[in-house]
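The values are calculated or read from the model by the stated rules, or taken from the named source; none is laboratory data. Please read these numbers as outputs of a predicted model, since none were measured by experiment. Using ideal geometry, Cβ is built from the backbone for each residue, glycine included, and neighbour counts are taken over all protein chains shown. In case anyone asks, the SASA skips ligands and DNA or RNA and just uses the protein heavy atoms, side chains included. Shrake-Rupley method; radii C 1.70, N 1.55, O 1.52, S 1.80 Å.
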Amino acid sequence: MYVKVKNRTHFLNLLEEEQLAAIYFTGKDISEFNNIRLRKLQDNLKLSKRRYFIMCSVSSIFGSSKSIASKVEKEQQKLMHSEFELEAFESNLAYLIISGLINIDDCYKKNNFDPNYLKKLLEKYKKQALKPFKEYDYDADRNCASEILENDKRIILPYIPDDVKRRMKI
């Protein structure tokens, strides 16, 4: 069974719903999209990763008591929050550049962004915009799902995605 579902990312939502994006950015200070804020988010992510891996190491050495497990879980939540903040910042920045609300020359000059970083960022989100769907192939005989990637390459998944499960129930 072939299943095609919309890829739900913050960036694609901004591109699709221009009116909602305009409302979303009216409450934002565009000057906060600068290299200093980016570095803080990246440093916060590195610190969160380091703390999480240290806590995982401690839990593997000392066993999994409730107190250690709860600390690991808190560090994992902090890590996920840091990843989300950085992803949202990058999505917003890419949208602002693409929509013309921020001039890319200003990003270089006023906001001190690295040109290579911006180039990679825009390439990443261009790929997302070109392929706004995820495609899956489900083999009912083997009860196995695979994700269809670029050039019709497939990766067999160790789980069945929720979108495929929903389609099977229909």
Inset, instruction - Answer yes or no: is there a residue in segment 6-19 that is surrounded by 13 or more Cβ atoms within 10 Å (Cβ to Cβ) and more than 30 Å from ARG154 (Cα to Cα). - result: no
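One line per residue, one yes/no per condition, for (1) of a type outside the set (A, V, I, L, M); (2) under 30 Å from ILE104 (Cβ atoms); (3) touching a strand residue (DSSP E or B) at 6+ places or on another chain (Cβ under 6 Å):
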site	(1), (2), (3)
PHE11	yes, yes, no
TYR24	yes, yes, no
LYS40	yes, yes, no
LYS46	yes, yes, no
ILE54	no, no, no
LYS78	yes, no, no
Legend entry - Those residues of segment 137-170 which are charged (D, E, K, R), part of a helix (DSSP H, G or I) and within 15 Å of MET1 (Cα to Cα), in sequence order: ASP162, ASP163, LYS165, ARG166, ARG167, LYS169
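To keep it simple, each residue is scored yes or no on (1) at pLDDT below 90; (2) in a helix (DSSP H, G or I); (3) among the polar types (S, T, N, Q); (4) within 17 Å of the chain's Cα centre (by Cα).
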site: PHE89; (1), (2), (3), (4): no, yes, no, yes
site: ASN92; (1), (2), (3), (4): no, yes, yes, yes
site: ASP106; (1), (2), (3), (4): yes, yes, no, no
site: GLU135; (1), (2), (3), (4): no, no, no, no
Inset, instruction - Can you run down the residue pairs with Cβ atoms below 7 Å, 6 or more apart or on separate chains, where the first is in segment 144-170 and closer than 20 Å to LYS131 by Cα and the partner is aliphatic (A, V, I, L, M) and loosely packed, with under 11 Cβ neighbours inside 10 Å? - result: SER146/ILE155; GLU147/ILE155; LEU149/ILE155
Inset, instruction - Can you give me the number of residues within segment 78-131 that are surrounded by fewer than 16 Cβ atoms within 10 Å (Cβ to Cβ), farther than 25 Å from THR26 by Cβ and not charged (D, E, K, R)? - result: 7
Legend entry - Which listed residue is within 20 Å of the chain's Cα centre (by Cα) and either assigned to a loop (DSSP other than H, G, I, E, B) or closer than 25 Å to GLN128 by Cβ (or both), from LEU101, LEU45: LEU45
Legend entry - Near pairs, Cβ below 6 angstrom, 6+ apart or cross-chain, from segment 28-53 (within 15 Å of ASP114 (Cβ to Cβ)) to any residue that is surrounded by 13 or more Cβ atoms within 10 Å (Cβ to Cβ): PHE33/LEU93; ASN34/ASN111; ASN35/ASN111; ASN35/PHE113; LEU41/GLU85; LEU41/LEU86; LEU41/PHE89
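Which ones in segment 63-77 are open to solvent by less than 100 Å² (accessible area, probe 1.4 Å) and in a helix (DSSP H, G or I)?
Result: SER67, ILE68, ALA69, SER70, VAL72, GLU75, GLN76.
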Inset, instruction - Show the residue pairs that are 6+ apart or on different chains and have beta-carbon atoms under 7 Å apart, the first residue being within segment 98-110 and within 17 Å of LYS126 (Cβ to Cβ), the second being open to solvent by 50 Å² or more (accessible area, probe 1.4 Å). - result: ILE102/ILE30
Inset, instruction - Working carefully through the options VAL58, VAL3, find the one that is closer than 30 Å to ASP141 by Cβ and open to solvent by less than 70 Å² (accessible area, probe 1.4 Å). - result: VAL3
Inset, instruction - Can you confirm whether segment 158-167 contains a residue that is open to solvent by less than 60 Å² (accessible area, probe 1.4 Å), hydrophobic (A, V, I, L, M, F, W, C) and farther than 26 Å from LEU38 by Cα? - result: yes
